[in-house]
Amino acid sequence: MLNIFRNWIDRYFSDEEAVLLLVLLLIGFVVVLTLGAMLAPMIASIIIAFLMQGVVVRLRTWGCPHWLAVSLAFFLLMAGFVAFLFVLVPIIWQQAARFFGELPRMINEWQDVMLLLPERYPNLVSERQVQELMSAINREAGQFGQTIVSYSMSSLPVLMSLLIYLVLVPILVFFFLKDSRQIVDWAAGFLPKKRPLMSKIWAEMNVQVANYVRGKAIEILIVGAISYVCFALLGLQYAALLAILVGLSVVVPYIGAAVVTVPVALVGFFQWGWGSEFVWLMIIYGIIQALDGNVLVPLLFSEAVNLHPVAIILAILVFGGIWGLWGVFFAIPLATLVKAILYAWPKGKSQARADEAAAE
């Protein structure tokens, strides 16, 4: 037994760089897991700076000096942020408040519809089942209302955290963009000079993560904007709120589109019933989802993430359970990182010869 374990150690951990990489990954995992809330402004700034780095690089290829490219990218970021804060947020807030105000009426209408089921389908649905379902819905609605009240009572710390984000994040993003090369060189100074394994993984992940994160941000904007225009033209209530949900649903492949269909269909049903407007809403919504999956995604993600759907769903469950929304957003890049490490990990000579023989 000891020989088997020793051989396994010699096969996969005989390389010093591999051991160092494993230690760095474990340290990073522990730091994010334990200090994630404290370092949230720093992590958010790094992500935003990473998104805007593509703009800086593009401007520099057009002949702009570094300081001008950074200034223009930062100005673009702040303009979008101000527009979001003072234009989009008030609209979403008003529609959300109106939605929660009309939620009791929607629940009552839903209960009236449910009460008709035992009369129309007595062999499939009993009155007792309907009563139990309505009791469960009322109970969940009451708990949700209590949660909203308790959240509003403790909103002062949330507002203070938001103010910290509004001040710190733009400052950190600016310096990350301005001094990105110096920061990367400083961090690389703590690593070995010869690091072929880390360089290989970094080169692969830099391209794939950049394409994924920037492509996903563009996808959210395009899908959300098109959804809002379509919903507004149809006269759907809470068009901006539902469009935001549809845009954010692309973050979670396969699952997000299915989940966000429920609020879109419910709002349409309570507004129009089973009329032609409801049918058109669902047809247009289906077309948006189809175009997103079959046209937009292949155009945006030129570097395809070669992961099985089961691996993607597993990554969403695991990383989402660990880091919440950020884990869900970065589930695919993190899964790609794991895959790249597994493929690039050095193996013992005997295992390498066996792999070469199997490949031949």
| said: I'd like to check something: does region 3-12 contain any residue that is basic (Lys, Arg) and farther than 30 Å from Leu337 by Cα? | reply: no
| request: Scan region 243-263 for residues that are crowded, with 19+ Cβ neighbours inside 10 Å and among the hydroxyl-bearing types (Ser, Thr, Tyr) and jot them down. | output: Ser249
| task | Considering only region 286-301, state which residues are part of a helix (DSSP H, G or I) and in contact (Cβ under 8 Å) with a residue 40 or more places away in the chain. | result | Ile288, Asp292, Leu296, Val297, Leu300
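Residue by residue, here is whether (1) within 26 Å of Pro309 (Cα to Cα); (2) hydroxyl-bearing (Ser, Thr, Tyr); (3) touching a Lys or Arg at 6+ places or on another chain (Cβ under 9 Å) holds:
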site	(1), (2), (3)
Asp185	no, no, no
Ala188	no, no, yes
Lys193	no, no, no
Ala203	yes, no, no
Val229	no, no, no
Ile244	yes, no, no
Val250	yes, no, yes
Ala257	yes, no, no
Phe269	no, no, no
| message | Taking the conditions exactly as written (surrounded by 16 or more Cβ atoms within 10 Å (Cβ to Cβ) and either in contact (Cβ under 8 Å) with a residue 12 or more places away in the chain or hydrophobic (A, V, I, L, M, F, W, C) (or both)), does Ala240 satisfy them or not? | response | yes
| remark: Flagged in region 92-121 as over 17 Å from Ala265 (Cβ atoms) and hydrophobic (A, V, I, L, M, F, W, C), in numbering order, are Ile92, Trp93, Ala96, Ala97, Phe100, Leu115, Leu116, Leu117
| request: Only residues that are buried (at least 16 other Cβ atoms within 10 Å of the Cβ) and of a type in the set (S, T, N, Q): list them for region 161-206, please. | output: Ser180
| remark: Counting only residues in region 103-134 that are among the β-branched types (Val, Ile, Thr) and in a helix (DSSP H, G or I), the one nearest to Ile48 (Cα to Cα) is identified as Ile107
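The rows are residues; the columns are (1) within 29 Å of Ala97 (Cα to Cα); (2) in contact with a Leu (Cβ under 9 Å, 6 or more places away or on another chain).
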{"residue": "Leu245", "(1), (2)": "yes, no"}
{"residue": "Val267", "(1), (2)": "yes, yes"}
{"residue": "Glu277", "(1), (2)": "yes, yes"}
{"residue": "Val310", "(1), (2)": "no, no"}
{"residue": "Leu314", "(1), (2)": "no, no"}
{"residue": "Gly320", "(1), (2)": "yes, no"}
{"residue": "Pro333", "(1), (2)": "no, no"}
| Within region 301-319, restricting attention to residues that are within 16 Å of the chain's Cα centre (by Cα) and modelled with pLDDT under 75, which residue is nearest to Ile220 (Cα to Cα)? | Phe301
| said: Tally up the residues in region 167-203 that are modelled with pLDDT of 85 or more and not in a helix (DSSP H, G or I), please. | reply: 1
| note | The condition of being outside any helix (DSSP H, G or I) and either more than 30 Å from Leu233 (Cα to Cα) or not assigned by TED's automatic domain parsing to the domain that holds Leu33 (or both) holds, among Trp280, Trp274, only for Trp274
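The values are calculated or read from the model by the stated rules, or taken from the named source; none is laboratory data. Here the structure is a predicted model, which is why all the values come from computation and not from measurement. Heads up, the Cβs are rebuilt from the backbone with ideal geometry, glycines too, and the neighbour counts pull from every protein chain shown.
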